[in-house]
Amino acid sequence: MDHVLLITGSSGIAEATALLAGREGYKIFLASMDESQCRELSARIAGSGYFIGDLRGPSAAEGALSSCVKRFGGVDAVFNVAGLSGRQFGDGPVHECSVEGWDKTLEANAKPTFLMCRAAVRHWLDAGRGGTILNMASVLAFSPEPEHFSTHAYAASKGAIISMSRAMAAHYAANGIRVNVIAPALVKTPMSARAQADPELLKFIRHKQPLSGGLLEAADVAETALFLLSDRSRHVTGQVVAIDGGWSITG
């Protein structure tokens with residue numbers, strides 16, 4: 001298989017998807033700020049490449065895309081995973097959310113997704129070919145939880161990604177460019193360390209995500225992600241797929 005997949009991020013869902021895709025014969029290119037993580041992950045995937053940079057800047061997004069093209073001769077799919085929780089910067093309920101929390105959360109989640117999408121779409125339009133984008137949202141964008149997860153800047157950043165992705169899907173379908181979104185609930189990743197260390201939250205998650213019996217595994221999310229990134233989903237675009245263990249329909 002010569003399918004080239006560019007993934008932003010190097011841990012959690014990004015790591016699980018890169019490993020799965022690598023086992024299935026994809027050519028993997030990673031883009032991340034964390035050089036040690038990126039190097040270690042790349043060493044586990046034969047023939048992969050990587051780019052180190054801050055994807056909140058347009059030069060890094062364009063640099064990652066051009067480095068991938070230089071390494072493999074092109075790019076077929078992009079999975080935008082990189083992002084963060086803004087709690088440490090003051091994200092919270094809107095009446096408590098700091099301006100820094102709002103700005104840093106939107107900048108770390110929505111902006112890199114926009115910039116990498118822009119770089120990929122420009123490349124495919126210039127090349128006169130199609131491509132596939134999968135963006136990372138969250139179930140919190142449309143199924144809020146007021147007691148434990150009132151992070152309104154985070155929800156806004158993920159809602160922005162959904163709206164942009166659907167608008168892109170409509171605009172570029174005629175060019176053969178597909179854009180979809182996954183919206184996981186709570187997944188066992190470094191970002192969910194707070195929840196993993198809180199017995200009360202773990203009890204809540206076991207109720208809220210009954211199909212998973214607790215936190216989702218990153219490898220389970222990777223299975224759906226790779227389907228949406230592959231030609232097996234070639235007739236699918238503009239969709240938001242919740243991978244939530246039942247979160248969005250559980251009271």
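The values are calculated or read from the model by the stated rules, or taken from the named source; none is laboratory data. Note that the coordinates shown come from a computational prediction; the quantities given were computed from them, not determined experimentally. Every residue, glycine among them, receives a Cβ derived from its backbone with ideal geometry; neighbour counts consider all protein chains shown. All accessible areas refer to the heavy atoms of the entire protein, side chains included, with ligands and DNA or RNA removed. Shrake-Rupley method; radii C 1.70, N 1.55, O 1.52, S 1.80 Å.
Results, tabulated for the structure shown:
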item: A174 modelled with pLDDT of 95 or more, farther than 24 Å from G25 by Cβ and surrounded by 15 or more Cβ atoms within 10 Å (Cβ to Cβ); result: no
item: Search result, residues across the range 201-224 that are among the aliphatic types (A, V, I, L, M) and open to solvent by 70 Å² or more (accessible area, probe 1.4 Å); result: L211
item: Every residue from the range 225-242 that is of a type outside the set (A, V, I, L, M) and buried (at least 18 other Cβ atoms within 10 Å of the Cβ); result: S230, S233, T237
item: Hey, V78 out of contact with any Ser or Thr (no Cβ under 8 Å at 6 or more places or on another chain), among the β-branched types (V, I, T) and either more than 25 Å from S163 (Cβ to Cβ) or open to solvent by less than 20 Å² (accessible area, probe 1.4 Å) (or both) or not; result: no
item: Some residue of the range 110-117 being open to solvent by 40 Å² or more (accessible area, probe 1.4 Å), among the charged types (D, E, K, R) and in contact (Cβ under 8 Å) with a residue 40 or more places away in the chain; result: yes
item: Where V69 falls short, out of the listed (1) β-branched (V, I, T); (2) out of contact with any helix residue (DSSP H, G or I) (no Cβ under 6 Å at 6 or more places or on another chain); (3) assigned to a loop (DSSP other than H, G, I, E, B); result: (3)
item: In the range 23-53, the residues that are assigned to a loop (DSSP other than H, G, I, E, B) and either closer than 12 Å to A82 by Cβ or under 17 Å from the mean Cα position of the chain (by Cα) (or both); result: M33, D34, G53
item: Residues located in the range 27-49, provided they are without any contact (Cβ under 8 Å) to a residue 40 or more places away in the chain and either open to solvent by less than 20 Å² (accessible area, probe 1.4 Å) or within 18 Å of I133 (Cα to Cα) (or both); result: I28, L30, C38, L41, S42, I45, S48, G49
item: Single residue of D54, D2 found to be touching a residue at least 24 places away in the same chain (Cβ under 8 Å), acidic (D, E) and either closer than 12 Å to L226 by Cα or open to solvent by 20 Å² or more (accessible area, probe 1.4 Å) (or both); result: D2
item: Residue list for the range 7-25, filter: open to solvent by 20 Å² or more (accessible area, probe 1.4 Å) and not aliphatic (A, V, I, L, M); result: S11, E15, G22, R23, E24, G25
item: Elements of type helices (runs of 4 or more DSSP H) contained in the range 169-251, each with 1 or more residues being of a type in the set (D, E, K, R) and without any contact (Cβ under 8 Å) to a residue 60 or more places away in the chain; result: 199-208, 218-229
item: In the range 221-251, the residues that are on the phi < 0 side of the Ramachandran plot, over 14 Å from the mean Cα position of the chain (by Cα) and not hydrophobic (A, V, I, L, M, F, W, C); result: S230, D231, R232, S233, R234, H235, T237, Q239, D244, S248, T250, G251
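For every residue, the table says whether it meets (1) surrounded by fewer than 23 Cβ atoms within 10 Å (Cβ to Cβ); (2) out of contact with any Phe, Trp or Tyr (no Cβ under 7 Å at 6 or more places or on another chain); (3) farther than 24 Å from H3 by Cα.
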residue	(1), (2), (3)
S143	yes, no, yes
S165	no, yes, no
M191	yes, yes, yes
P199	yes, yes, yes
